[in-house]
Amino acid sequence: MIFPILCHEIIKGLEEAKGRAGLPSDSNLRAKVLGQTDVLSNEPMQLRIGPEIVEKLRFALPDDIFNPEYKGLINFFHVLLYQIEAKEFLEVIGNAISEDSSKISKAKKRFEEIVEEAKQMQEEFEDYKEDEDIDPDSNDDDDLDDFLNSLGITRPK
């Protein structure tokens, strides 16, 4: 019984990390938003309807987002999606989870626009990594090893 809840919380935490890009810059307003959305009383409803909403949203997403050529694109998409104004965000998400096919088409169109922006953002990031000679597959984990050793933990070989 605990495992599904654990999985739900992990996924929610990952989404929340990306969602921080859309929080208001004003710290008071940010605290108010978080105080109304990230509360224990919302948990049962999130567990109950969350998976169905996620499934409907996935069906409204453009196919490009799942193309192996654009690996990681969905993260850029989420950041851009969470940055749109609250009113538009609610409208787009409401359209995407609607039963009305014309509303779903509107959401798909807006998602396609965001995907195009996300592709550009991902491309700029890739160019930046090349310019800065950042190797994502680098095994330069000395700092991580030092940190773990300071805690008395060694990584398995």
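The values are calculated or read from the model by the stated rules, or taken from the named source; none is laboratory data. Note that the structure is predicted; figures quoted are calculated from it, not measured. Please note: Cβ atoms are built from the backbone with ideal geometry, for glycine as well, and neighbour counts cover all protein chains shown. Areas reflect the complete protein model, heavy atoms only, side chains present, ligands, DNA and RNA absent. Shrake-Rupley method; radii C 1.70, N 1.55, O 1.52, S 1.80 Å.
Evaluation of Asp141 against the conditions (1) of a type outside the set (A, V, I, L, M, F, W, C); (2) modelled with pLDDT under 90; (3) exposed (fewer than 10 other Cβ atoms within 10 Å of the Cβ) shows that the sole unmet condition is (3). Close contacts from the range 3-26, counting a first residue that is in contact (Cβ under 8 Å) with a residue 40 or more places away in the chain and under 16 Å from Asp38 (Cα atoms) and a second that is among the aliphatic types (A, V, I, L, M) and open to solvent by 70 Å² or more (accessible area, probe 1.4 Å), with Cβ to Cβ under 7 Å and a gap of 6+ residues or different chains, come to His8/Leu47.
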